[in-house]
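Presented below is the structure to which this report refers.
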Amino acid sequence: MLHGLDLLRKQYIKYAATTGQGHTPEETIKALAQKLEDPAGAREDRRAALLSLKSLVRNHADFVSMHALVPLVRWIQVGEKDEDMLRTAVECCLALCQVPEDAAGRARALDNMARLLSEKDSLLSLISLLSPEHSFYTRFGALQWLVCIVEHRRAEVQEYVLTAPGGCSAVLQCLEAAPSSSTEIIRNEALLLLPQLVKDSVDIQKIVAFEGVFERLLDIVAQEGRIEGGVVVQDALEGLETLLRHNVSNQNYFRETLSIPLLAPLLFYPPPLAPQASEAAAHERTQHVQAFLLQEWDEQKLNNARILMRCIGHLVDGQGEGHRANQWAMCKGGLVEALVQLALASLAPAALKAQALHVLASLLHGSRPVQDLLSTMVVTPVALIQHPAPAEGQPPMELSWQSPQPAMLCLIALVLRGPGGTSDDQLPLAVRCAALHAFEALVEQNMDVRMTLWHAFVAAPLPEQTHGNASQILLESVVHLPTTSLVSHAKTSAFDPYRYLFASTLLSYLLQGSDTSKEFARRVRLNDEGRCVADATVPSMDDDEPATLIHVVVGNLAMALREHGETVRRERAAQTGLTNSSEDWTKIIVGYLVLLSVWLWHSSSSIQDFVSESANLQVLVQPAAQSTGVDPLIQGLSAFVLGIAYEFHAATEGDVPEGVLTRQTMHPILHTRIGADQFSTRILCVKSDPRFASCTPEVLESVLTDVQPSLWFTWPFVEFWKDNYVRVQKSILVDPNTSSASEAEVPAELLDARQRILLLQTELARVQAEASLVEGLRADLAKAQEGVALADQERQTAYEAHEATKKELEAAHASHAAAQKELDARYATAQAELQHVHEDLQSTKAQLDAALCEAQQAHSAPAPVEDAVTVRALEATREELATAQTQVAHLEEAIQGKVELIQTLEAQLAAADRATQEARQAAEAAQAAPPASAPTQTTTSDDTLAEQLSSLQTENEDLLVLLDDIMEKRKKEKARMRQAGWEVSDDDSDGDEEEGII
């Protein structure tokens, strides 16, 4: 190595430092690459070039990739026999193909891989370096290089390996290693390469399988300490899993190579005893089994065991002959027994138990030998009991061996209560779902197991058995609610809803598709404590006889619905202190409805027992008919159960005892309380509910990986519901005197005739409705005709009144015209008289003024007595004249007002004439039709005008009287003025004329 470094220093000085001129790194790398490609060059020069390129990769990877990668690959292809140089070249290429974290480096590495694969036979040269004839470092670097390429360019490498001779064999040779040697490192690196190389390539998987990869991997696991080994065992098991996943050929080959019996020992479970084994061998095996149950588990051991469980699961994934052959091989090889002991009786972690139960369920499906083996097994569970406050000298934890019990009952207890043996223990939901999965597979198509379990459930408990032992826990969980006497001592404690949901599900598995099981269930009678006390087929003389199981289930359903409603009310009121939510009660209700659906399906006798009390039907009708305040899932399942009860209820009126509902009785109840449309909608709501729609065939397995798991249904019921919900949905449309089966067998002609009859019935109903509507219209028409006759009479009366009013109006018009003419004449006379009065007043005033002047001139001389009297008379006359002028002015104003009033009355009279004309036209038009109303308005207007005209005539007469008084006073004043010697104008003729006019 020192010699190599010294040589590197000298060559670097030679190529990188020349006198008078420096070289850039890129030029240096180009020169080094040329040295590699020069076949005439010395080996030492090529060695120095390789070492120089390796040292330059760290800081100048881009230049080395650009100028030296291809020369490096080509030099490797030449196959020069120098391990140090090969190691240097491989490590240099590995450094160029390793993908760093930065984007630029990643792009460069991927581009280098593409250029490498584009070189002809480059992979062949790389794979040839895996041969044992090369040194450790060369093989190790080549493996790392190949792992890097396969990780990012798997398809190209797999395509080349399939065509290259000995490609897979070279990789498998790396799996062979001597203990405690450097070849173990090569083996471990090859274990990392194997899963990547065979992934998603069935052909390569077959090639390596036939070249003995299974034996080599199992040997590695055994050499490394089985599942207690480290990451090497994990890598080997991951390679085994990759080879078995979705590859039926490899699964069959694995069985044919007798590798299945080697799986149980990997879990440290002892192999089965030979037929003629001694007692010592049996005792020794029992000790090994106890050691298996008590073994400790660390994280790496748990990971290895879980990978092994996945490998076993891949072997039983199928459904054909290979699947059954694998099941049989595992049953005979002790693997089934190992899984049962691991899941039901050991101290294994919960995650491993759940996985083992799912694998066990796959083994039980359709395999009668495995089911019989489990049904006859007896296990002795062991548990760790923790002491919260241990006494002095007492360990904080101690082992507790339970009494031996059948594996089937232990499986049921695991579903309902979980490990620990007490109801207070909390079991992870994943383990309980896995146990439920295993129980479903156990009772599938196996009536012997079902009836064995039924007899165990109803058998009287032994004196030493406690209340709630494994044989009684299932019925107790079905017939008792959390609010019953079983938990009366802990009313404030929260209950486990999954216990009651799973209990109903387990019982439905026992009943599904089995008339024998349903008949046995109908014979079960329970007392107040929930224990089987009598056979329902034996008549009882006691009035207060025990209830049948189906009646107890319906009664508990009614109580659960009531508790659910109360809990919902409290939640809406935001009350504190609630130990369980309404969702918990919904799970219990769903469990009961699922049980009833399976129980009543195709079981007329069970339906007859169900409807023997009308209150049972009401329990389901009420939530299905209620519009608000009920969970849609509960409504839909209730309607589904009602549809099943109606569909398969074959009893008629003469076949059932008094008080039992028949199809003829149920049909109107379903149609009036729920209705056909609402019934269909309720069932469809179940299909769209996310709690139902999210259930898949892998729902029980997914609980193990979900962050917040929640289970509502299992796939068997969901599949059953989806297969039959359409039939149940249409069931209430079938006439109660027939059945869906008979309806399905009728010919198309009969169905067509029924459709025609239905159409005619619909048309008849429509016609009858229209006929009743016509009768109503006729009654309305008669009333309308009576109204028209009455309106005609009123119109005739109004017309006659209108004619009379019209005549009166015409007479009033004539009278008004005459009065108008008379008023005009009087008005003209009054105007002339008023003008004459004005002239006389002016003349009198002038005379008075003249007389006053004369009187003032003769004031100094004593006037005779006559003159004094005359003066006083004149003064009095003057005052009267002033008063007369004032009255004349007032009279003029009054006359002017009357003139304006006369004009207003004339305008109103003209409007009344127009209204009269319009009324006359309306009356003529109304003779052909009933008048809307009498011309009351016109009559009223005429009456008002007549009253105003009469008032005006009266006022005019008063004015004329007043004018006559004034004229009379004027005459008297003139006479007095003449007596006094005053000169007064002679107007007697005018006065006579005026008198004649007046």
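If I filter the range 235-288 down to residues being of a type in the set (S, T, Y) and over 25 Å from E321 (Cα atoms), which single residue comes out as surrounded by the fewest Cβ atoms within 10 Å (Cβ to Cβ)?
The extreme case among them is S278.
Looking at the range 607-617, which of its residues are within 19 Å of L595 (Cβ to Cβ) and in a helix (DSSP H, G or I)?
I607, Q608, D609, F610, A615, N616, L617
Can you give me the ranges of the helices (runs of 4 or more DSSP H) entirely in the range 45-136 with at least 3 residues that are touching a strand residue (DSSP E or B) at 6+ places or on another chain (Cβ under 8 Å) and of a type in the set (F, W, Y)?
Result: empty, no element qualifies.
Select from the range 644-660 the residues that are under 37 Å from the mean Cα position of the chain (by Cα) and outside any helix (DSSP H, G or I) and write down the one among them that is modelled with the lowest pLDDT.
Per the criteria, the residue is H649.
Does the range 482-505 hold any residues that are within 26 Å of H455 (Cβ to Cβ) and at pLDDT 85 or above, and which are they?
Once the filter is applied, which keeps residues that are within 26 Å of H455 (Cβ to Cβ) and at pLDDT 85 or above, the range 482-505 yields R499, Y500, L501, F502, A503, S504, T505.
If you scan the range 668-715, which residues turn out to be touching a Ser or Thr at 6+ places or on another chain (Cβ under 8 Å) and of a type in the set (V, I, T)?
Hits for the range 668-715 are T696, V699, T714.
So D200 passes all but one of these: (1) on the phi > 0 side of the Ramachandran plot; (2) not in a loop (DSSP other than H, G, I, E, B). Which condition number does it fail?
Of everything listed in (1) on the phi > 0 side of the Ramachandran plot; (2) not in a loop (DSSP other than H, G, I, E, B), D200 misses just condition (2).
In the list R154, R87, which residue meets the criterion of being touching a residue at least 24 places away in the same chain (Cβ under 8 Å), in the same structural domain as A48 (by TED's automatic domain parsing) and on the phi < 0 side of the Ramachandran plot?
Only one candidate passes the filter, namely R87.
Check N304, N326 and return the single one that is at pLDDT 90 or above, buried (at least 20 other Cβ atoms within 10 Å of the Cβ), within 43 Å of the chain's Cα centre (by Cα) and polar (S, T, N, Q).
N304
Residues checked against (1) of a type outside the set (S, T, N, Q); (2) in the same structural domain as V718 (by TED's automatic domain parsing); (3) over 29 Å from the mean Cα position of the chain (by Cα):
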residue: H602; (1), (2), (3): yes, yes, yes
residue: V641; (1), (2), (3): yes, yes, no
residue: T662; (1), (2), (3): no, yes, yes
residue: I669; (1), (2), (3): yes, yes, yes
residue: A676; (1), (2), (3): yes, yes, no
residue: P690; (1), (2), (3): yes, yes, no
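From the list G776, G787, exactly one residue is more than 60 Å from the chain's Cα centre (by Cα), surrounded by fewer than 13 Cβ atoms within 10 Å (Cβ to Cβ) and modelled with pLDDT of 80 or more. Which is it?
Every option except G787 fails the conditions.
Under 8 Å by Cβ, and 6 or more places apart or on different chains, what pairs join a residue from the range 267-282 that is more than 20 Å from L294 (Cβ to Cβ) with one that is in a loop (DSSP other than H, G, I, E, B)?
P272/G333; P272/G334; A281/L273; A281/A274
Show the residue pairs meeting these rules: Cβ distance below 9 Å; 6+ apart or different chains; first residue within the range 429-442 and closer than 10 Å to A361 by Cβ; second residue of a type in the set (S, T, Y) and outside any helix (DSSP H, G or I).
L436/T714; H437/T714; E440/T714; A441/S367
Give the residues of the range 588-606 that are of a type in the set (F, W, Y) and outside any helix (DSSP H, G or I), sorted by residue number.
W601
From (1) outside any helix (DSSP H, G or I); (2) more than 18 Å from Q319 (Cα to Cα), pick out the condition that doesn't hold for H288.
Exception for H288: condition (1).
Quick grid of which residues meet (1) of a type in the set (G, A, S); (2) touching a residue at least 40 places away in the same chain (Cβ under 8 Å); (3) farther than 16 Å from I127 by Cα:
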site	(1), (2), (3)
L194	no, yes, no
S201	yes, yes, yes
Q205	no, yes, yes
A209	yes, yes, yes
G212	yes, yes, yes
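Could you say which residue among E566, E583, E571 is loosely packed, with under 13 Cβ neighbours inside 10 Å, at negative phi and among the acidic types (D, E)?
Answer to the check: E566.
Within the range 170-201, how many residues are surrounded by fewer than 16 Cβ atoms within 10 Å (Cβ to Cβ) and small (G, A, S)?
The number of residues fulfilling the criteria is 4.
Taking E583 and the conditions (1) part of a helix (DSSP H, G or I); (2) out of contact with any helix residue (DSSP H, G or I) (no Cβ under 9 Å at 6 or more places or on another chain), which numbered condition does it fall short on, given that it satisfies the others?
(2)
For the range 39-54, which positions are out of contact with any Phe, Trp or Tyr (no Cβ under 7 Å at 6 or more places or on another chain) and either surrounded by 13 or more Cβ atoms within 10 Å (Cβ to Cβ) or outside the structural domain of R74 (by TED's automatic domain parsing) (or both)?
Passing the criteria: G41, D45, R46, R47, A48, A49, L50, L51, L53, K54.
Write out, first by first residue and then by second, each pair whose Cβ atoms fall under 9 Å of each other, whose residues are 6+ apart or on separate chains, and whose first residue, in the range 730-741, is closer than 18 Å to D677 by Cα while the second is modelled with pLDDT under 80.
K730/S740; S731/S740; V734/S740; V734/S742; V734/E743; D735/E743
Can you find a residue in the range 668-687 that is within 30 Å of M309 (Cβ to Cβ), touching a residue at least 12 places away in the same chain (Cβ under 8 Å) and β-branched (V, I, T)?
So far as the range 668-687 goes, no, none of its residues is within 30 Å of M309 (Cβ to Cβ), touching a residue at least 12 places away in the same chain (Cβ under 8 Å) and β-branched (V, I, T).
The values are calculated or read from the model by the stated rules, or taken from the named source; none is laboratory data. These numbers come from a predicted model, not from an experiment. A quick note on method: Cβ atoms are made from the backbone with ideal geometry, for glycine too, and the neighbour counts reach across all protein chains shown.
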